[in-house]
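K.L.:
Here's a structure for you.
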Amino acid sequence: MQQVAGVSGDEADTLTGVFVYRVPEDTWWWSDELYRLLGHAPDSVVPTSALFREHWHPDDLERVENALAAVRADGRPFGCYHRVMDTSGAEHAVVLVADGRTDDRGSVVTLRGFVIDVTESLVSHARDLAESDVTRARVSQQDIDLARGILMAQYGVDADVALRLLRRRSQDTNRKVRDLARELLAAAPTPPGEARQDVSRRFGSVLYARETD
């Protein structure tokens, strides 16, 4: 395997990839950013479970497999910190967050999630991003903070990773972070007559692009 030309180390460190795994067909869809994070040119290889597994750090393999097995079984959201190796052999610390979609019988048929490169310290990076958001929409900061809290509770990640998720979805949909935050807040309360566990579905309708449904 070869390293992707034209992708600098700094660029790779900021990548947030998206994936969709369709359980019955055992097929994957990867975003261009996920290909690049793993060291591949977009669409240069067919994404498979085996290929994905090849990039996981050997010491983290069992933990990641157990986490994915759990979400395939019940669809509940999870967050998993681990390491991946790109095609050049470089190691990246990442956060994998995902949840499952079920069919009418309650069987998990699709996993959807993000792989976020957190190799470089996110503290100063997230502070810069947050300050930028406050400058553009200071009056909406409370909504953004509440939405970050929702993601932290839903996936078990820290505030910096939650902000990365919001910004990635904001870029995907060409919407402002504050508008996305308000959608998440609107999706949080359980409507009368709905089961509380449907909150994952409601959050998913906000977080995941329709083209990957």
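K.L.:
Which net charge results for the neighbourhood of residue 51, defined as the other residues with beta-carbon distances under 14 angstrom from its beta-carbon, given Lys and Arg at +1 and Asp and Glu at -1? The partial results should precede the final answer.
P.N.:
Working: positive: 53; negative: 26, 43, 54, 86.
Net of charged neighbours comes to -3.
K.L.:
Ok, one more. Quote the accessible area belonging to residue 172 in square angstrom, nearest 10, computed with a 1.4 Å probe and with ligands, DNA and RNA left uncounted.
P.N.:
Result for residue 172: roughly 70 Å² accessible.
K.L.:
Using alpha-carbon pairs under 8 Å, 6+ residues apart, how would you state the relative contact order of segment 25-105 in percent?
P.N.:
Once divided by the residue count of segment 25-105, the mean separation gives 25 percent.
The values are calculated or read from the model by the stated rules, or taken from the named source; none is laboratory data. Keep in mind it's a predicted model, so treat the numbers as computed, not measured. Note: ideal-geometry Cβ built from the backbone for every residue, glycine included; neighbour counts use all protein chains shown. To get the accessible areas, we keep the full protein, side chains included, count just its heavy atoms, and leave off ligands, DNA and RNA. Shrake-Rupley method; radii C 1.70, N 1.55, O 1.52, S 1.80 Å.
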